[in-house]
Every structure is written in structure tokens, then in C-alpha cells.
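Okay, so here's the structure we're looking at.
Where a number appears in this text, it was derived from the coordinates with a stated rule and is not lab data. It should be emphasised that the depicted structure is a prediction, and the values quoted were computed from it without experimental measurement. Glycine gets a Cβ as well: all are built from the backbone with ideal geometry, and neighbour counts include every protein chain shown.
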Amino acid sequence: MNIAIIGYGKMGKMIEKAAIDGKHNIVTIVDPVVLESSAFPGTRVYKRIEEAKNIDDADAAIEFTQPATAVANIKALAERKIPTVVGTTGWHDHLDEVKQAVEKAGSSLIWSSNFSMGVNLFYRIAWYASKLVDAFPEFDVGGFEAHHNKKLDSPSGTAKTLAEGVLDRIERKKKVVWETLNRKPAPDELHFPSLRIGSAPGRHSLIFDSPADIIEITHNARNRESFASGAIRAAQWLTTGGKRQGVFTIDEMLKDLLGI
Ligand SMILES: NC(=O)c1ccc[n+]([C@@H]2O[C@H](COP(=O)([O-])OP(=O)(O)OC[C@H]3O[C@@H](n4cnc5c(N)ncnc54)[C@H](O)[C@@H]3O)[C@@H](O)[C@H]2O)c1
């Protein structure tokens, strides 16, 4: 696959590495503040999509930039009919505008706040387990997430998605309580606090606790590699297996890949 990398920060560099490891070609890189590729010193990084050499040779573009710039980038790529994978977060209020632009141009796009295949599998495993546990009232349900001590927000977006899916499947739990409790939790509350410690890249645990035993389902990230490899996988899904047109989420891709 010929890949254009849009945004050459932490994720852009991870994508470059994953693309090289996967024997893909990087046809161009765009980032306004970086001058050259670190993997290929001397290879220029372009400031704007419009001026990026070879961009029209790309089978897919992978966009990990910033909330304020993602929408303009998506539109510029749609106009050139370049299938686009968008990992940038914080622009989803503009989804309708983006859908219109992509559909009008007859282009394609897949977006997700979390391209890690491990995390997306973990959601499905945890949600299926929740559905089973729903029939066994002796199990209380809760969990926690742990991230490095530089993380600015809590709970994590992954914890929110996980817990929302659990609430949808366990009838006796009606709301999530994220913060410290200075009282007993109510039976319909799912307690899911956050721990900030050291350099942990991200751990999420869902716990089913009965008087007799405990079932724990945990996802532990080792590093950011799974985001990059997931984004490349999404680019392959978008560009192969028949012409896909329009805007997709990772859920559609996983339904397709897993047949569920
Ligand atoms: N979906 C996922 O799986 C996933 C995983 C990790 C990070 N993210 C998100 O991806 C985004 C990038 O994360 P990061 O850690 O690489 O951030 P980063 O700050 O390290 O890199 C962002 C880069 O985008 C560049 N940039 C800014 N405006 C641009 C423009 N108009 N065109 C091209 N490049 C531009 C910046 O100069 C910077 O180098 C964030 O929104 C982050 O939340 C998503």
C-alpha cells in the first residue's frame, strides 16, 4: 500500500515505523513543524496537504494531528479522493460536516478514537461477559483504569466506552461513579475509579465479584504500537475488498472482520 502520513508527531512516527515494518511505501509526509523524516533523513516533510509531493499516489492517508486541524485535512483529502484513516480525537462534533464532504466527493473515511485492535477486542470480550453475568445477581460489577502520571484527564476515553457498554448489558447497574466514594456505593452504581501512576501506558480492568469468586478481565497496553498497526489495518480494510465509499467507524470494520 502507498501511504501518506498526515501529522508527524508521536503517532505519525509510530505509523511510519509500522508501515516500514509492514513493507508499505510512504509516499509523502505532512506536518507544519517538522522538516524531515526521522526514518529517512533528508526526506522532506511538507507543511500542507496541497503542496505535498506524490500525495495523489497514496492509496490511503493516515491522519493523526490535532482537533483544530483534522476537519480541514479530512476535507482536503476527500477532495482528492484519497481514502483516509482518522485517528485524531476531539473533532467529532463536526462529524455531519465531514460526512457531507466525504460523500459529496465520493471518497471514503474510517475514524476511531482508539485504533488498537487489542482494545477493540477487549471491549467485545468484556461486553459479552457482562451479558452473561447479567443473569447472575450474586456478582457485583466494577473496575478501574490506570495510566501514567502525565495524563491530563480522567477517566480515560477507553474507560468511558467500556463502562457505557457494560451499563447497556447489566440491568441492575444504572450509572457509573468515577470519583472517590466517601460512602457505600448504591447497588445500581458501577464504581470505576482512575489511578495515575508512573509510566503505565494504560490498563483497564473490569471485575465481576461474587461472595465465592472473582472474575477479572484486563487489557494492559505495552506501548502505542497497537494504535499504529490498527490504523494501517484500517487503511487496508478501507482500500481492499471492493470499493468502499462513505464514512465508517471501526465498529463496521470489526463486524466485517469478525463476522459478528
Ligand atoms: N485513535 C487512536 O487510536 C489514537 C491513538 C493515539 C493518539 N490519538 C490522537 O491522535 C492525535 C495525535 O496524537 P499524537 O500523540 O501523535 O500527537 P502529537 O502532538 O505528538 O502530534 C501531532 C502532530 O500533528 C501536527 N500537526 C498540527 N497541525 C497539522 C496539520 N494541519 N497538518 C499536519 N500535521 C499537523 C503537529 O505539528 C504534531 O507534530 C491526538 O488527537 C490524539 O488524541 C488517537
Residue count for segment 47-73, restricted to those that are among the acidic types (D, E) and within 13 Å of the ligand (Cβ to nearest atom) = 3
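The rows are residues; the columns are (1) within 19 Å of R124 (Cα to Cα); (2) not polar (S, T, N, Q).
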position: D153; (1), (2): no, yes
position: H204; (1), (2): yes, yes
position: D209; (1), (2): no, yes
position: I214; (1), (2): no, yes
position: A228; (1), (2): no, yes
position: Q245; (1), (2): no, no
Does V141 satisfy being over 29 Å from R203 (Cα atoms), hydrophobic (A, V, I, L, M, F, W, C) and more than 19 Å from the chain's Cα centre (by Cα)?
-> no
If you go through segment 190-206 one residue at a time, do you hit one that is touching a residue at least 12 places away in the same chain (Cβ under 8 Å), closer than 30 Å to G106 by Cα and basic (K, R)?
-> no
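Residues checked against (1) within 19 Å of T249 (Cα to Cα); (2) touching a residue at least 60 places away in the same chain (Cβ under 8 Å); (3) not hydrophobic (A, V, I, L, M, F, W, C):
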| site | (1), (2), (3) |
| --- | --- |
| E16 | no, no, yes |
| H24 | no, yes, yes |
| P32 | no, no, yes |
| D59 | yes, yes, yes |
| T88 | yes, yes, yes |
| W91 | yes, no, no |
Strands (runs of 3 or more DSSP E) contained in segment 200-260 and holding at least 2 residues more than 30 Å from K81 (Cα to Cα), of a type in the set (A, V, I, L, M, F, W, C) and away from the ligand (no atom under 14 Å from the Cβ) | 203-209, 214-220
